[in-house]
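One structure below.
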Amino acid sequence: MSRLSGNLLRTVLRRRSFCTADNIDGNLQSSKVQIFDRHLKRKQRDRAAWLINRKDSLVNTVADNLLDRLEDVKKSFPTTLCLGGSLEAIRRSVRGRGGIQRLVMMDSSHDMVKLCKDAEKDFSSDNIETSYIVGDEEYLPIQGSSVDLVISCLGLHWTNDLPGAMIQSRMALKPDGLFLAAIFGGETLKELRIACTIAHMEREGGVSPRVSPLAQVRDAGNLLTRAGFTLPGVDVDEYQVRYNSALELIEHLRAMGETNALFLKKDTALATAAVYESMFAAEDGTIPATFQVIYMTGWREHESQQKAKRRGSATVSFQDIQKEFGT
């Protein structure tokens, strides 16, 4: 049966957390460049723990699609770390996948961790030893080379230092360990971005960002390579969700913990809602919202992994191949 294990935590937790940023002053605001207010983001996730909808089709679909990648790997991952984001959806979907025996669930929100911990009784039959900790992806409190798999579902796009957080995830992995992540991409909420821009110009006579910046698909492969992962893989899906109003969209984002965490005022919200509905509403009165999800996979280096041959080591030319097959 599932159980909470102090021994598991002692195995994977560091006595002192590490971070890729220099001159850390001891708090969780570890990055030099503060794009996002991490303290505000923790508060938003605390609120989301009370608003969460376990039947959220978008969140559940992304979690399932991310974990489906484990079905393509002929390898088990006994010790797994799950980082923030859609923590509860991952816990529900992880059953029977990847040969997971020990699972560490981590989130920066105390209330979100408590929610998942209280729901543990629903998973009493899956025989996964589960532990819960409160921690920050930017200041990962995990020992190096201590886990076989790191999963992050819809959480890393809120970090101020995304490459640094990915580097820390790689350092936490054992050799030949797997990194799985899903983040929202740059086309997410493109309708809302347009409405925000127009509303801001009308009300304040200028433009400033009203939707958080997100990574582009072309950046994802570079991020994996920069973080030191081998055999990087990136693919993307787009989901369109329809809402009865722009305010219903905002409520959904709040329940996901995905509302704005930039250093900004929000005095154009009502104008944005009006512009959104006037520009994008369908004949039935509903409005669309696009969610672009970038899925990333990468491995920690190991001698058993396939490697590209040295440049110039080929013994057969493409011209010979063309002649052989008559093309």
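The values are calculated or read from the model by the stated rules, or taken from the named source; none is laboratory data. Everything numeric here is computed off the predicted structure, so don't read it as measured data. Every residue, glycine among them, receives a Cβ derived from its backbone with ideal geometry; neighbour counts consider all protein chains shown. Calculation scope for accessible area: heavy atoms of the full protein, side chains included, ligands and nucleic acids excluded. Shrake-Rupley method; radii C 1.70, N 1.55, O 1.52, S 1.80 Å.
Taken over region 113-129, the residue count meeting the criterion of being open to solvent by less than 10 Å² (accessible area, probe 1.4 Å) and out of contact with any Asp or Glu (no Cβ under 6 Å at 6 or more places or on another chain) is 3. Within region 243-252, the set of residues being assigned to a helix (DSSP H, G or I) and either open to solvent by 60 Å² or more (accessible area, probe 1.4 Å) or touching a Lys or Arg at 6+ places or on another chain (Cβ under 9 Å) (or both) comprises Leu247, Glu248, Glu251. So which residues in region 277-319 are farther than 30 Å from Leu223 by Cβ, free of Cβ contacts under 8 Å to residues at least 60 places away in the same chain and either open to solvent by less than 80 Å² (accessible area, probe 1.4 Å) or of a type in the set (Val, Ile, Thr) (or both)? Within region 277-319, Glu277, Ala281, Ala282, Gly285, Thr286, Thr315, Val316, Ser317 qualify. For region 198-213, does any single residue satisfy the condition of being of a type in the set (A, V, I, L, M, F, W, C), modelled with pLDDT of 90 or more and in a loop (DSSP other than H, G, I, E, B)? No, region 198-213 contains no residue that is of a type in the set (A, V, I, L, M, F, W, C), modelled with pLDDT of 90 or more and in a loop (DSSP other than H, G, I, E, B).
For region 154-188, residues that are out of contact with any strand residue (DSSP E or B) (no Cβ under 9 Å at 6 or more places or on another chain) and in a helix (DSSP H, G or I) total 3. When Val73, Val134, Val59, Val33 are screened for being open to solvent by 10 Å² or more (accessible area, probe 1.4 Å), aliphatic (A, V, I, L, M), under 29 Å from Ala289 (Cβ atoms) and modelled with pLDDT of 90 or more, only Val59 passes. If you check Gly164, Gly155, Gly186 for being surrounded by fewer than 21 Cβ atoms within 10 Å (Cβ to Cβ), under 17 Å from the mean Cα position of the chain (by Cα) and of a type in the set (Gly, Ala, Ser), only one passes: Gly186. Taking the residues in region 40-56 that are open to solvent by 50 Å² or more (accessible area, probe 1.4 Å) and part of a helix (DSSP H, G or I) as candidates, determine which candidate is farthest from His252 (Cα to Cα). So the residue we want is Leu40. Annotation: of all residues in region 226-254 being closer than 30 Å to Gly298 by Cβ and of a type in the set (A, V, I, L, M), the one that is modelled with the lowest pLDDT is Leu253. Test Thr297 against the stated conditions and say whether it is farther than 30 Å from Lys174 by Cβ, out of contact with any Phe, Trp or Tyr (no Cβ under 6 Å at 6 or more places or on another chain) and in a strand (DSSP E or B). It is false that Thr297 is farther than 30 Å from Lys174 by Cβ, out of contact with any Phe, Trp or Tyr (no Cβ under 6 Å at 6 or more places or on another chain) and in a strand (DSSP E or B).
Quick grid of which residues meet (1) in a strand (DSSP E or B); (2) of a type in the set (S, T, N, Q); (3) surrounded by fewer than 18 Cβ atoms within 10 Å (Cβ to Cβ):
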position	(1), (2), (3)
Asn222	no, yes, yes
Gly228	no, no, yes
Asp235	yes, no, yes
Val241	yes, no, yes
Leu270	no, no, yes
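Take Glu191 and tell me if it is touching a residue at least 60 places away in the same chain (Cβ under 8 Å) and assigned to a loop (DSSP other than H, G, I, E, B). Answer is no for this residue.
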